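First comes the structure, then the notes that go with it.
What follows draws every value from the coordinates through simple rules; no lab data is involved. Worth saying up front: this structure is predicted, and the values here are computed from it rather than measured. For neighbour counting, all protein chains shown are included, and Cβ atoms are generated from backbone atoms with ideal geometry for every residue, glycine included.
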Amino acid sequence: MVSSPGHARGAFADAAPVFAALGDETRLRIVAHLCREGPASIARLTGSADVSRQAVTKHLRALEDAGLVRSDRDGRECIWRLQTRRLAQVQRYLDQISLQWDGTLQRLRVFVESSD
């Protein structure tokens, strides 16, 4: 399913903050941790990182701004969890790019083989 160019531009603009957020190694590690271990407090996330609590909090806010995580209060702690719907949206954008790339490669293959 290939969308119109205008729709694709809007979709990719919507996905850009997610890719920007995931472009940081620490944030990518936090997302990987939440994928692997499930919801976690800042204390648990800090325990598996080589960064301070304040740095983890800053990274979580960036991920939250991109729509990738959200927090819920559990007593005195904030528990952070992935927003899987947002990840699924980004996966669809990557699938669309992959389909377009496959089409481009197929056209190149046909062109090269017809030139022989």
Open item on the list: Looking only at region 61-73, how many residues end up being in a helix (DSSP H, G or I) and either farther than 16 Å from GLY23 by Cα or touching a strand residue (DSSP E or B) at 6+ places or on another chain (Cβ under 6 Å) (or both)?
Closed with: 1
TODO: Check off (1) in a strand (DSSP E or B); (2) touching a Gly at 6+ places or on another chain (Cβ under 7 Å); (3) not hydroxyl-bearing (Ser, Thr, Tyr) for ARG86 and give me the number that stays unchecked.
DONE: (1)
TODO: Quick one: in region 58-103, of everything that is among the basic types (Lys, Arg) and more than 10 Å from the chain's Cα centre (by Cα), which residue is surrounded by the most Cβ atoms within 10 Å (Cβ to Cβ)?
DONE: ARG70
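So that you can scan it fast, the table gives a plain yes or no per residue for (1) under 16 Å from LEU34 (Cα atoms); (2) touching a Phe, Trp or Tyr at 6+ places or on another chain (Cβ under 8 Å); (3) not charged (D, E, K, R):
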| residue | (1), (2), (3) |
| --- | --- |
| SER52 | no, no, yes |
| ALA55 | no, no, yes |
| ALA62 | yes, no, yes |
| LEU68 | yes, no, yes |
| SER71 | yes, yes, yes |
| CYS78 | yes, no, yes |
| TYR93 | no, yes, yes |
| ILE97 | no, no, yes |
